[in-house]
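Undergrad: Let me begin by handing over the structure; questions about it come next.
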Number of protein chains: 2
Amino acid sequence: MNANIQASFPRVPAEQVKAALTELAATFGNRLVTSQAVRDQHCNTLSWTASQAPDGVVYPQTVEDVSAAVRICVRHGVPVIPFGTGTSFEGHTNAPAGGISIDTSMMKAIVSVHPEDLDVTVEAGVTRKELNEHLRDMGLFFPIDPGADASLGGMASTRASGTNAVRYGTMRENVLALEVVTASGEVIHTGRRARKSSAGYDLTRLFVGAEGTLGIITKVTLKLHGIPQAISGGLCPFPSVEAACQATILTIQSGIPVARIELLDAMQVRACNLYSKLSLPETPMLFVEFHGTEAGVREQSEFFGEIATECGGGPFEWTTKAEERTRLWQARHDAYWAAIALRPGAQGISTDVCVPISRLAECVAATQEDIAASGLVATIVGHVGDGNFHVLPLVDMDDPEEVARGKAFVGRLVERALAMEGTCTGEHGVGQMKMKYLEAEHGAEGLALMRALKKALDPQNIMNPGKIVAL
Amino acid sequence: MNANIQASFPRVPAEQVKAALTELAATFGNRLVTSQAVRDQHCNTLSWTASQAPDGVVYPQTVEDVSAAVRICVRHGVPVIPFGTGTSFEGHTNAPAGGISIDTSMMKAIVSVHPEDLDVTVEAGVTRKELNEHLRDMGLFFPIDPGADASLGGMASTRASGTNAVRYGTMRENVLALEVVTASGEVIHTGRRARKSSAGYDLTRLFVGAEGTLGIITKVTLKLHGIPQAISGGLCPFPSVEAACQATILTIQSGIPVARIELLDAMQVRACNLYSKLSLPETPMLFVEFHGTEAGVREQSEFFGEIATECGGGPFEWTTKAEERTRLWQARHDAYWAAIALRPGAQGISTDVCVPISRLAECVAATQEDIAASGLVATIVGHVGDGNFHVLPLVDMDDPEEVARGKAFVGRLVERALAMEGTCTGEHGVGQMKMKYLEAEHGAEGLALMRALKKALDPQNIMNPGKIVAL
């Protein structure tokens with residue numbers, strides 16, 4: 001385990017970069033940008049790792065453009081770093097060796113929608129909100145919601161999930177097929193529009209979550225869902241995190257197809273009261289949503305209310321009216337900004353882990369104790385149906401001691417999750433910042449196997465180098 | 001595309017095999033078997049490809065045994081072929097180069113059940129029925145049902161699915177983690193018990209569906225589900241395959257969480273009437289099942305009945321009573337044996353394809369026409385919610401002309417599915433028999449990428465060689 005991989009990563013020689021930039025300029029004209037301001041927007045901006053700007057940014061309009069850019073970079077041994085909306089947290093878009101950022105924001109075509117098959121093919125730069133806007137009139141939606149309005153190529157690349165993964169799955173389950181530009185600039189198509197297949201290795205799942213280290217995703221074919229006839233939602237206070245987790249476990253076990261079940265800890269509820277001018281009891285809170293028929297969501301809501309009461313929580317306040325639901329869920333929707341506002345001037349360092357839900361209460365409680373013992377300010381928000389939760393330490397980045405304390409806290413959080421048979425990240429991905437935990441999670445043999453895959457598919461190590469296995 | 005790969009596959013030199021057998025005998029004693037009878041049981045028995053027996057069969061009891069057997073075979077360059085229950089159709093268990101069959105039938109431990117987390121870890125040799133027997137008293141079940149009582153290691157290896165994949169997904173979605181013995185005899189663990197993870201490449205999905213060509217699965221951690229409070233089920237006649245498919249599409253689009261939706265074509269219904277002494281109308285028929293609360297399954301059944309009527313079908317005869325459901329579903333349960341009985345002495349050659357459901361009616365109708373034009377006897381049964389269907393030509397294996405006609409028919413079936421953006425196999429896998437279609441499905445570049453993966457993980461080409469990409 002080398003915690004300094006990032007710092008020690010060798011930069012590509014300047015003459016190689018220069019030669020690549022010259023060729024890229026000839027091919028892309030003003031769709032190659034090398035201004036410092038634009039380069040600075042195309043690297044890590046949301047977390048505590050240093051920003052490492054690329055040497056230039058290319059804006060492809062087609063898969064052929066991406067292929068051309070990759071082929072030029074290959075010829076000169078220059079890294080390529082795919083860029084969607086830049087909303088990832090773990091340094092995914094940094095260029096530790098220098099290189100060219102491939103910004104997919106001009107690749108916005110919604111290529112085809114098949115309402116009868118409930119699928120859609122989009123170019124990588126389409127964001128989830130843009131897609132849902134396009135689908136609304138057809139009575140369809142794409143459920144994966146990681147919070148940010150991320151690009152669908154980026155969401156596939158980081159194996160994103162979010163609030164309603166508990167019902168609809170993550171990008172792992174919702175990507176049917178991909179178009180990918182490989183490390184040699186070839187264009188491949190993984191998967192078909194058929195719902196399932198046993199025809200060979202699962203190339204689609206190999207690229208989903210590979211964070212651009214094996215190839216660049218240029219098109220994504222996604223499963224869609226019909227907009228539910230009825231939605232009910234509401235919130236429910238609990239005397240403790242344990243009680244809220246127990247209610248979650250019973251809900252899942254009972255087979256209630258809950259669409260969203262989100263935990264806010266007491267500190268986060270306090271932050272929301274301050275930020276959104278609410279007067280919620282400052283105690284752990286579950287925000288819950290059900291999708292189905294009118295009768296179905298009523299039945300499910302009532303059943304959940306009974307479970308909550310059984311676990312010492314309640315009352316469960318819920319409604320099927322859209323405006324009312326929005327009001328009840330406001331604290332959840334504002335959670336990130338409310339937490340940030342708790343400590344003006346500090347940087348919010350969002351991190352996540354995921355554990356089996358039987359261990360969730362224990363993991364959250366131990367983490368809260370750790371926050372208190374560390375003297376940090378941090379809130380906890382969890383996609384608890386999946387055992388996934390976020391901690392948001394608010395750190396004064398000008399205080400090196402506090403930064404070090406924050407980093408040590410994240411290290412303990414990961415160790416705690418791994419000790420409970422969990423994972424170092426449920427949805428944020430590895431990027432640069434969680435690389436040092438992969439050996440503990442997968443074992444030396446598992447990590448060696450990942451390295452063998454990377455070497456087989458990217459022998460020159462130019463696809464987003466310095467991330468995940470960092471050859 | 002080389003249709004003769006199988007025939008031209010070079011055998012491992014006899015002295016290498018002999019040396020490996022000597023070492024295996026020393027390690028495994030009477031758990032190495034080399035009798036012709038046992039070897040003949042450990043190769044293809046269910047399809048029209050020639051049987052190619054292994055040189056010996058090892059019965060490991062532990063993962064260490066599997067690792068020891070693989071290391072011995074590696075030293076002597078002798079192939080290893082994993083074997084579960086031998087119920088696969090595509091020649092997966094054949095030993096075209098010779099080698100050692102690794103029979104997991106003594107690896108029957110149910111290692112751990114976590115009811116709160118809805119997961120279980122089993123050794124590879126546990127069958128799905130054995131698992132469900134073990135789980136019943138806990139109110140839990142494992143839904144994937146490919147028909148045969150296959151081993152869970154084999155089901156993971158072939159990415160199996162079956163009747164209720166439409167609701168619960170396939171092995172792709174239901175395997176959380178694996179223990180695998182690699183081509184060098186190392187033991188790796190892919191995945192954790194957390195429900196989701198973004199921590200690096202998806203090694204689990206790489207081995208699921210790899211048919212033992214990248215490593216041998218020794219343990220499987222699976223998602224479980226609560227036994228539904230209520231189940232309703234029944235059957236519904238339709239005037240045409242088109243009408244039945246249209247009802248299926250509307251059902252899925254409406255978001256009705258149908259647990260099973262199975263099509264039998266008129267020929268299959270006739271076979272069931274003969275075999276099971278029923279008097280069903282000999283017309284296309286949907287067999288449907290819903291899982292949920294009492295109120296939920298009633299609502300869903302009624303809604304489906306309305307859709308069926310709208311599509312010109314019906315009446316939908318359904319019930320929530322277990323015995324009644326079994327009676328209504330009898331034709332579906334007996335379908336395979338009923339079809340086989342249509343032509344005594346003939347061999348049933350089960351094959352499958354999967355297409356987007358909007359193309360399903362067209363694909364089934366064209367296939368029925370092709371059956372008639374080819375002068376074959378063949379029935380069609382489909383997991384139509386997924387666009388997946390089986391064709392079972394009944395072939396006189398002593399008539400080479402008829403065998404050739406049958407094979408040509410399967411070739412056209414695959415071409416038809418691929419032309420409709422489908423796949424050459426939805427659930428049976430590639431084995432030896434669908435290798436020749438992979439280039440048409442994945443393109444030369446996609447297939448080359450699969451080969452690169454195989455070379456990276458199995459450089460000596462000893463893991464079930466001659467299957468999928470057949471280096």
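The values are calculated or read from the model by the stated rules, or taken from the named source; none is laboratory data. Just so you know, these numbers come straight off a predicted model, no measurement behind them. Neighbour counts run over all protein chains shown; Cβ positions are idealised from the backbone, glycine included. These area figures cover heavy atoms from the full protein model, side chains too; ligands, DNA and RNA do not enter into them. Shrake-Rupley method; radii C 1.70, N 1.55, O 1.52, S 1.80 Å.
Undergrad: Could you list, in sequence order, all residues of segment A:154-176 that are outside any helix (DSSP H, G or I), at the interface with another protein chain (Cβ under 9 Å from one of its Cβ atoms) and surrounded by fewer than 24 Cβ atoms within 10 Å (Cβ to Cβ)?
TA: Across segment A:154-176, the qualifying residue is only A:Gly169.
Undergrad: Can we say A:Gly147 is at pLDDT below 95, touching a Phe, Trp or Tyr at 6+ places or on another chain (Cβ under 9 Å), assigned to a loop (DSSP other than H, G, I, E, B) and farther than 27 Å from B:Val430 by Cα? Full working, then the answer.
TA: Numbers: at pLDDT below 95: yes; touching a Phe, Trp or Tyr at 6+ places or on another chain (Cβ under 9 Å): yes; assigned to a loop (DSSP other than H, G, I, E, B): yes; farther than 27 Å from B:Val430 by Cα: yes.
Yes.
Undergrad: Checking A:Gly226 against (1) at the interface with chain B (Cβ under 9 Å from one of its Cβ atoms); (2) in contact with a His (Cβ under 8 Å, 6 or more places away or on another chain), only one condition comes out false. Which one?
TA: (2)
Undergrad: Something else: Please find, within segment A:92-119, the residue that is nearest to A:Gly153 (Cα to Cα) out of those that are among the hydroxyl-bearing types (Ser, Thr, Tyr) and crowded, with 22+ Cβ neighbours inside 10 Å.
TA: Per the stated criteria, the residue is A:Thr104.
Undergrad: I'd like the residue in segment B:413-439 that is within 22 Å of A:Glu179 (Cβ to Cβ) and more than 10 Å from chain A (Cβ to nearest Cβ) and, out of all such residues, is nearest to the chain's Cα centre (by Cα).
TA: B:Glu439
Undergrad: Continuing with the same structure: Could we say that A:Met463 is more than 10 Å from chain B (Cβ to nearest Cβ) and either within 30 Å of B:Gly446 (Cβ to Cβ) or among the basic types (Lys, Arg) (or both) here?
TA: In short, yes.
Undergrad: So A:Gly255 passes all but one of these: (1) open to solvent by 10 Å² or more (accessible area, probe 1.4 Å); (2) in contact with a Lys or Arg (Cβ under 9 Å, 6 or more places away or on another chain); (3) within 14 Å of chain B (Cβ to nearest Cβ); (4) assigned to a loop (DSSP other than H, G, I, E, B). Which condition number does it fail?
TA: With (1) open to solvent by 10 Å² or more (accessible area, probe 1.4 Å); (2) in contact with a Lys or Arg (Cβ under 9 Å, 6 or more places away or on another chain); (3) within 14 Å of chain B (Cβ to nearest Cβ); (4) assigned to a loop (DSSP other than H, G, I, E, B) applied to A:Gly255, the lone miss is (2).
Undergrad: Here's a follow-up. Go through the residues of segment A:393-410 one by one and say whether even a single one is within 9 Å of chain B (Cβ to nearest Cβ) and either of a type in the set (Phe, Trp, Tyr) or over 18 Å from the mean Cα position of the chain (by Cα) (or both).
TA: No: segment A:393-410 contains no residue that is within 9 Å of chain B (Cβ to nearest Cβ) and either of a type in the set (Phe, Trp, Tyr) or over 18 Å from the mean Cα position of the chain (by Cα) (or both).
Undergrad: Residue by residue through segment B:177-202, note down the ones that are within 7 Å of chain A (Cβ to nearest Cβ), open to solvent by 10 Å² or more (accessible area, probe 1.4 Å), closer than 25 Å to B:Asp65 by Cα and free of Cβ contacts under 8 Å to residues at least 40 places away in the same chain.
TA: B:His189, B:Arg192
Undergrad: Can you find, within segment B:1-35, the residue that is modelled with the highest pLDDT among those that are part of a helix (DSSP H, G or I) and within 30 Å of B:Glu415 (Cβ to Cβ)? So that I can check it myself, show each step before the final result.
TA: The first filter runs over segment B:1-35 and keeps only residues part of a helix (DSSP H, G or I), leaving B:5-8, B:14-31.
In the following step, the residues that additionally are within 30 Å of B:Glu415 (Cβ to Cβ) were identified as B:5-8.
Numbers: B:Ile5: 43, B:Gln6: 46, B:Ala7: 47, B:Ser8: 57.
Here the residue is B:Ser8.
Undergrad: Still on this structure, please answer the following. Restricting attention to segment B:216-236, does a residue exist that is assigned to a loop (DSSP other than H, G, I, E, B), in contact with a Gly (Cβ under 9 Å, 6 or more places away or on another chain) and open to solvent by less than 10 Å² (accessible area, probe 1.4 Å)?
TA: no
Undergrad: Here are the criteria: (1) buried (at least 19 other Cβ atoms within 10 Å of the Cβ); (2) more than 29 Å from B:Ala419 (Cα to Cα). Tell me which single one B:Ala335 does not satisfy.
TA: The single condition B:Ala335 does not satisfy is (2).
Undergrad: Taking B:Glu369, is it open to solvent by 50 Å² or more (accessible area, probe 1.4 Å), within 24 Å of A:Glu116 (Cα to Cα) and either in the same structural domain as B:Ala271 (by TED's automatic domain parsing) or more than 18 Å from the chain's Cα centre (by Cα) (or both)?
TA: No, not satisfied.
Undergrad: Out of B:Val38, B:Val122, B:Val111, report the one residue that is part of a helix (DSSP H, G or I), more than 23 Å from B:Ala470 (Cα to Cα), of a type in the set (Val, Ile, Thr) and outside the structural domain of B:Gly348 (by TED's automatic domain parsing).
TA: Matching residue, one of B:Val38, B:Val122, B:Val111: B:Val38.
Undergrad: I want to confirm something. Restricting to segment A:289-299 and keeping residues that are in contact with a Ser or Thr (Cβ under 8 Å, 6 or more places away or on another chain) and touching a residue at least 12 places away in the same chain (Cβ under 8 Å), which single residue is farthest from the other protein chains (Cβ to nearest Cβ)?
TA: A:Glu289
Undergrad: Another question, then. Limited to segment B:448-460, what total is found for residues that are without any contact (Cβ under 8 Å) to a residue 40 or more places away in the chain and more than 8 Å from chain A (Cβ to nearest Cβ)?
TA: Counting residues in segment B:448-460 that are without any contact (Cβ under 8 Å) to a residue 40 or more places away in the chain and more than 8 Å from chain A (Cβ to nearest Cβ) gives 2.
Undergrad: Quick one: in segment A:273-287, which of the residues that are among the hydrophobic types (A, V, I, L, M, F, W, C) and farther than 22 Å from A:Cys311 by Cβ is least open to solvent (accessible area, probe 1.4 Å)?
TA: Within segment A:273-287, the first condition is being among the hydrophobic types (A, V, I, L, M, F, W, C), and the residues that meet it are A:274, A:278, A:280, A:285-287.
Going one step further and asking which of them are farther than 22 Å from A:Cys311 by Cβ, we end up with A:274, A:278.
Details: A:Leu274: 120, A:Leu278: 53 Å².
Going through the qualifying residues, I end up with A:Leu278.
Undergrad: Cβ-Cβ below 9 Å, separation at least six or inter-chain, first residue in segment B:300-315 and without any contact (Cβ under 8 Å) to a residue 40 or more places away in the chain, second surrounded by fewer than 18 Cβ atoms within 10 Å (Cβ to Cβ): which pairs?
TA: Matching pairs, first to second residue: B:Thr309/B:Pro315.
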